[in-house]
Amino acid sequence: MRMRALGAAALATLALTATACGGESPSATPATPSGSASASANAAGGTLVIWADANRVKPLKPFADQFGTENGVTVEVKEISKDNQQTFLTASQQGSGPDIMIGAHDWIGNLVQNGAIDPVTLTEEQKAAFSDKAIQAVTFNGQIYGAPYAVENIALIRNTKLAPQAPRTIEEMIGKGKELKAAGKVEDVLCLPVGQKGDAFHVYPIFASAGGALFGTTATGDPDPKKVLLDAPDSVKAFGKLKDLGEKGDSALKTSITNENYIVNFAAGKCAYLISGPWAISEVKKGGIAYDITAVPPVEDGKPATPFVGVQSFFVASKGKSKTLAQEFVTNYVTNQEVAMALYKADPRPPALTAALQQVQNDDPDAVKFMEAGVDGLPMPAIPEMAAIWEPFGIAETAVVKGGDAAKAAAAAQKAIDGALKND
């Protein structure tokens with residue numbers, strides 16, 4: 001999962017953390033990537049442990065088995081389904097973690113700060129095989145810390161039977177949603193998850209378009225952790241916009257709409273508009289909804305509605321027991337097109353590997369639309385300080401959605417973040 005109005009370069013090829021659709025195993029026999037013999041020579045008879053979420057375990061299994069056979073080792077792919085980053089960090093510190101962890105690029109700063117992952121040794125040729133933005137996202141302090149495999153962003157998915165035209169602004173979208181609700185054609189104006197704890201990832205495009213920002217920027221355009229801007233005047237104004245859209249205003253943002261029900265509600269025709277990512281499409285298709293995918297529209301007279309960009313990656317654990325094997329698997333298997341396509345088929349987020357992305361673009365028009373919708377997207381900051389943002393932002397979001405004062409909510413969030421960063 002993933003953020004900011006930071007003035008970084010726009011993402012030209014992308015398409016986004018959180019809930020995703022089900023999986024399927026690759027139909028073809030995996031190709032043999034180059035270089036695997038070196039691991040065999042160095043670590044025959046060892047064990048390689050990979051931790052992944054439920055959507056990656058099944059498609060990875062054939063390649064893990066092949067790697068094990070070629071190198072005379074045992075490969076275990078274990079499912080981790082809750083609090084993955086913290087589970088990995090805790091296990092790493094206790095010496096019971098995996099050799100390879102799969103997760104989002106914005107974990108990198110926190111994982112590096114805690115000594116949990118090693119740089120990944122990609123060759124220049126391997127780096128060139130990925131999109132520039134994918135490599136940019138996994139680079140921290142001048143070093144590459146992950147092998148990227150998927151790039152993702154959220155977009156506006158609309159029910160074209162109920163809303164034939166793509167809205168030009170948030171206000172136009174909300175107006176149409178309210179009209180449909182008044183006519184009894186939908187139950188909700190918009191399906192965007194808020195829940196009881198807020199959801200910075202999904203609401204960020206609206207927050208950014210209304211002028212909000214998380215961090216200032218350094219001279220190089222990178223996020224500046226010394227300049228947290230949650231209580232800056234423009235951010236307070238943006239929280240005010242979320243209040244206007246909330247339960248005491250337009251009722252477009254509601255705490256009753258959560259990560260558990262927002263996609264299924266749209267797929268059931270309960271709302272005409274859904275703000276989500278590629279992981280939603282499988283459920284939408286199951287519901288038989290005629291849909292289109294476009295960029296999240298901006299606030300009227302506002303800034304672009306820039307979504308977060310997340311890059312899913314393979315990390316080599318610093319405290320893993322089979323680091324040579326881990327480097328071998330990450331550099332010579334994750335960079336293979338068949339692995340990228342198997343992961344895509346199980347969980348259709350556009351691949352970071354350029355050759356796989358080109359294959360997907362030819363076969364999947366939805367992937368192209370998500371990329372177009374995310375052209376102005378910005379990679380989530382991978383700085384360690386990002387971890388201090390999520391919860392206070394979410395609490396502030398929920399407060400204003402319920403009708404609370406925007407300035408007070410922003411000030412409370414700023415205070416919590418400043419306190420957390422001061423104590424680090």
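Within the stretch 407-424, the set of residues being within 25 Å of the chain's Cα centre (by Cα) and crowded, with 17+ Cβ neighbours inside 10 Å comprises 410, 413, 414, 416, 417.
When residue 314 is tested against (1) outside any loop (DSSP other than H, G, I, E, B); (2) assigned by TED's automatic domain parsing to the domain that holds residue 194; (3) modelled with pLDDT of 95 or more, just one condition goes unmet, and that condition is (2). The single condition among (1) closer than 19 Å to residue 67 by Cβ; (2) within 19 Å of the chain's Cα centre (by Cα) that residue 350 does not satisfy is (1). For residue 350, the conditions (1) within 30 Å of residue 210 (Cα to Cα); (2) touching a Ser or Thr at 6+ places or on another chain (Cβ under 6 Å); (3) assigned by TED's automatic domain parsing to the domain that holds residue 105 all hold with the exception of (2).
Among the numbered conditions (1) touching a helix residue (DSSP H, G or I) at 6+ places or on another chain (Cβ under 6 Å); (2) in a loop (DSSP other than H, G, I, E, B), the only one that residue 269 does not meet is (1). Taking the stretch 149-186 as the range and being of a type in the set (Asp, Glu) and under 18 Å from residue 280 (Cβ atoms) as the test, only 152 passes. For the stretch 176-199, does any single residue satisfy the condition of being more than 20 Å from residue 390 (Cβ to Cβ), modelled with pLDDT under 95 and among the hydrophobic types (A, V, I, L, M, F, W, C)? Checked against the condition, which is being more than 20 Å from residue 390 (Cβ to Cβ), modelled with pLDDT under 95 and among the hydrophobic types (A, V, I, L, M, F, W, C), the stretch 176-199 yields no hits at all.
Which one is nearest to the chain's Cα centre (by Cα), of the residues in the stretch 92-104 that are closer than 12 Å to residue 114 by Cβ and part of a helix (DSSP H, G or I)?
Among those residues, the one meeting the criterion is 92.
The residues on offer are 147, 137, 116, and the sole one that is closer than 28 Å to residue 238 by Cα and in the same structural domain as residue 354 (by TED's automatic domain parsing) is 137.
Of the numbered conditions (1) touching a Lys or Arg at 6+ places or on another chain (Cβ under 6 Å); (2) over 29 Å from residue 92 (Cα atoms), residue 155 fails exactly one; give the number of that condition. With (1) touching a Lys or Arg at 6+ places or on another chain (Cβ under 6 Å); (2) over 29 Å from residue 92 (Cα atoms) applied to residue 155, the lone miss is (1). Taking the numbered list (1) buried (at least 16 other Cβ atoms within 10 Å of the Cβ); (2) at pLDDT 80 or above; (3) not in a helix (DSSP H, G or I) in turn, residue 89 passes all entries but (3). Scanning the stretch 372-406 for residues that are under 15 Å from the mean Cα position of the chain (by Cα), in a loop (DSSP other than H, G, I, E, B) and under 28 Å from residue 115 (Cα atoms) returns 380, 381, 382. Taking the stated definitions as given, is residue 361 at pLDDT below 90 and surrounded by fewer than 24 Cβ atoms within 10 Å (Cβ to Cβ)? Here the answer is yes, as residue 361 does meet what is asked.
The values are calculated or read from the model by the stated rules, or taken from the named source; none is laboratory data. Fair warning: this is a prediction, and the values are worked out from it, not measured in the lab. Here Cβ is always computed from backbone atoms with ideal geometry, including for glycine, and neighbour counts include all displayed protein chains.
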